[in-house]
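Input: a single structure, listed below in structure tokens.
The values are calculated or read from the model by the stated rules, or taken from the named source; none is laboratory data. Remember, it's a predicted structure, so these values are computed and weren't measured experimentally. When we count neighbours, we look across all protein chains shown, and the Cβ atoms used for this are built from the backbone with ideal geometry, even at glycine. To get the accessible areas, we keep the full protein, side chains included, count just its heavy atoms, and leave off ligands, DNA and RNA. Shrake-Rupley method; radii C 1.70, N 1.55, O 1.52, S 1.80 Å.
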Amino acid sequence: MLLRVTDIHKGYAKSKGFFGKTITPVLKGVSLEVDYGECVGLIGESGSGKSTLGKIILGVEKPDAGTVVFGGNEGKKELSVVFQDYTSSANPRLRVKHVLSEPLKERAKKQRAYLGHLLREVGLDESFLERFPHQLSGGQLQRVCIARALATKPKFILLDEAVSSLDVSVQLQILKLLKLLKEKYRLSYLFITHDLMSVTYLCDRVIFFKEGNIVETVSHVSALHGVKDPYSRSLLNAVKAMEIPDMCRAKVCQ
Ligand SMILES: Nc1ncnc2c1ncn2[C@@H]1O[C@H](COP(=O)(O)OP(=O)(O)O)[C@@H](O)[C@H]1O
Ligand SMILES: [Mg+2]
């Protein structure tokens, strides 16, 4: 197993009122696994604790209880992340070449040829190296963030709402790119989102998340129509009512 998350609990202190701090539980015993080459979708509404779980997996937040274990020899070094807010995840003062080389340590890897190669992997080219983030479209900038995530040759990429801020047509292009890269490099993704459509496009397995708990897991997207939990069903019905690409619709509506 590439990633094993076991019984994670996390709460945040709410306010220091008259009676002191109260702790609001955000994650209430979450366990999940991601295998090599697998894309697991984690879907849940806003505020349900998805990003908190992501931060704990990344190691930037500490859980109150529970463990995160990476397989493989190099452990966390093989981990990258792409966030929703591409405008703030790329420093506006840095040119694309510097954004891309940020996570790289070795000088050799910072060379133009490697950076150009990274850009071509995400459907851009070397001419973008000298540009600043504000000189790119949302989709182009998110491609740069994906290229940056690839720079360290990770096995696992955490995608936290990575397409959620983009227009629907651009979303689909980025999803296609993520799918292509996943196959080419045999990457594993944990794809965190509040949007079921993108999950059906990209993921092998789907976890439904509500108020800090996993309420249901679907072992294959083709079985999505069979979900039983009322919350999962409500998400599914919302998707059925949307304008979605036929290939996604086929998996949801049967
Ligand atoms: N650093 C923090 N301090 C206090 N509360 C937080 C912090 N981070 C997240 N929260 C709270 O935890 C809950 C879950 O947030 P989050 O994990 O961002 O949810 P999601 O990504 O599913 O929208 C929210 O109520 C949020 O306000
Ligand atoms: Mg979030």
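Observations, loosely collected:
- Tallying residues that are open to solvent by 60 Å² or more (accessible area, probe 1.4 Å) and either at pLDDT 90 or above or farther than 12 Å from P133 by Cα (or both) within segment 74-108 yields 15.
- Across segment 30-63, the number of residues qualifying as over 22 Å from S198 (Cα atoms), away from ligand 2 (no atom under 16 Å from the Cβ) and exposed (fewer than 15 other Cβ atoms within 10 Å of the Cβ) comes to 3.
- Candidates V144, V99, V170, V163, filtered to the one that is touching a residue at least 24 places away in the same chain (Cβ under 8 Å) and within 16 Å of ligand 1 (Cβ to nearest atom): V163
- All conditions in (1) among the hydrophobic types (A, V, I, L, M, F, W, C); (2) over 19 Å from L187 (Cα atoms); (3) within 12 Å of ligand 1 (Cβ to nearest atom) hold for F83, with the sole exception of (2).
- Residues that are open to solvent by 80 Å² or more (accessible area, probe 1.4 Å) and closer than 17 Å to T217 by Cα, drawn from segment 7-29: K28
- Index of the failed condition, D125 passing every other in (1) in contact (Cβ under 8 Å) with a residue 12 or more places away in the chain; (2) open to solvent by 10 Å² or more (accessible area, probe 1.4 Å): (1)
- Taken residue by residue, segment 150-164 has no member that is assigned to a helix (DSSP H, G or I) and either over 23 Å from the mean Cα position of the chain (by Cα) or β-branched (V, I, T) (or both).
- Those helices (runs of 4 or more DSSP H) of segment 40-103 in which at least 1 residues are within 14 Å of the chain's Cα centre (by Cα), considering only elements entirely within it, cover 50-58, 86-89.
- Matching option when the condition is closer than 21 Å to Y185 by Cα and buried (at least 19 other Cβ atoms within 10 Å of the Cβ), among L141, L115: L115
- Members of segment 120-147 found to be more than 20 Å from the chain's Cα centre (by Cα), of a type outside the set (S, T, Y) and in a helix (DSSP H, G or I), listed by number: R120, E126, F128, P133, H134, Q135
- Whenever a residue of segment 183-197 is within 13 Å of ligand 2 (Cβ to nearest atom), its partners that are β-branched (V, I, T) and in a helix (DSSP H, G or I), lying with C-beta atoms within less than 8 angstrom and at least six residues away or across chains, give the pairs L190/I57; F191/V199; T193/V199.
- Matching entry among R205, R186, R131 (being open to solvent by 10 Å² or more (accessible area, probe 1.4 Å) and either closer than 13 Å to V96 by Cα or within 16 Å of ligand 1 (Cβ to nearest atom) (or both)): R131
- All positions within segment 218-235 that are surrounded by fewer than 19 Cβ atoms within 10 Å (Cβ to Cβ) and in contact (Cβ under 8 Å) with a residue 40 or more places away in the chain: none
- Residue selected from segment 165-182 under the condition crowded, with 18+ Cβ neighbours inside 10 Å and under 13 Å from the mean Cα position of the chain (by Cα), by the criterion farthest from M1 (Cα to Cα): I174
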